[in-house]
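Input: a single structure, listed below in structure tokens.
The values are calculated or read from the model by the stated rules, or taken from the named source; none is laboratory data. Computed from a predicted structure; not experimentally measured. Reconstructed Cβ throughout: ideal geometry from the backbone, glycine too, with neighbour counts over all protein chains shown. Note: areas computed on protein heavy atoms with side chains; ligands, DNA, RNA excluded. Shrake-Rupley method; radii C 1.70, N 1.55, O 1.52, S 1.80 Å.
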Amino acid sequence: MFITFEGGEGSGKTSVIKAISSLLTEKNIDHVTTREPGGSIIAEKIRKVILDTENTNLSAEAEALLFAASRVQHLEEVILPALNENKIVLCDRYLDSSLAYQGYARGLGIEDVLKINHYAAKSLPDYTIYIDVTPELGLKRVSTRGAANRLDLETLEFHKKVREGYLKLAEMYKDRYIIIDGDCDLETLIERTLKKIKAVLA
Ligand code: TYD
């Protein structure tokens, strides 16, 4: 089973994935946790280029292509081998991040970014957990986290568009999307997500 986790900045995805991983370990369920952009040595090198705050003039198109390049490398090196071994894969961000950020918020178009991801999107997630957080709250949380990356530095307007993009994707891909209301404390968010995951695994 391939499960991806999506959300805007400061949505709490990383803590949620840790809690799910602990649950799976407790139940002796073989799984792998990984993240994008990155997740393999070569893909992590591409991540550095994408998130480098010095790359202020990276074009939107080049950015989308780099995310896709990092994704296909990660897919082939990490995700597909784990799925072939019947492991559950928990991935922090995947294709939908590109559709929401580059396709919708940057304005490249969801359809065009899907095309760019032709090689990377050959495996779609079984479930996508989308943690829906108002951008004001999410950005407030990341502001206390220290070093920001190139995308954290975008305007509030951009992050509002990212959220709009995700809500559109949730409509487009109803069958695999699970929306979690993330405007709450971390403990409640983890509780809400674990409840959904237990239902999926049952
Ligand atoms: P990261 O530090 O991993 O952020 P987070 O903790 O929010 O997941 O940085 C990844 C950034 O890259 C994040 O701002 C979302 C963005 N992103 C895209 O714009 N497109 C993509 O395809 C992916 C995978 C990430």
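In table form, for the structure just shown:
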item	result
With at most 13 neighbouring Cβ atoms within 10 Å, loop trypsin sites (Lys or Arg not before Pro) (DSSP) excluded, longest segment of the chain	28-144
Cleavage-rule hits (chymotrypsin sites (Phe, Trp or Tyr not before Pro)) in the stretch 86-126: DSSP loop, at most 14 neighbouring Cβ within 10 angstrom	Tyr119
For Gly109, residues with placed amide H under 5 Å, excluding near neighbours	Tyr104
D (Stokes-Einstein, µm²/s), Kirkwood Cα radius, the chain, 1.002 mPa s at 20 °C	126
Neighbour net charge for Ser97 - beta-carbon separation under 11 angstrom, K R +1, D E -1	0
Which of Cys91, Cys184 is most accessible, then next, and so on - probe 1.4 Å	Cys184, Cys91
Inter-centroid distance (Cα atoms) of the stretch 19-75 relative to the stretch 138-156, Å	18
Partners for Lys45 among lysines (Cα-Cα distance below 25 Å; same-chain residues under 8 apart left out)	Lys13, Lys18, Lys115, Lys122
Paramagnetic reach from Ala147 (point 7 Å along Cα→Cβ, amide N under 17 Å) across the stretch 33-52	37-39, 44-52
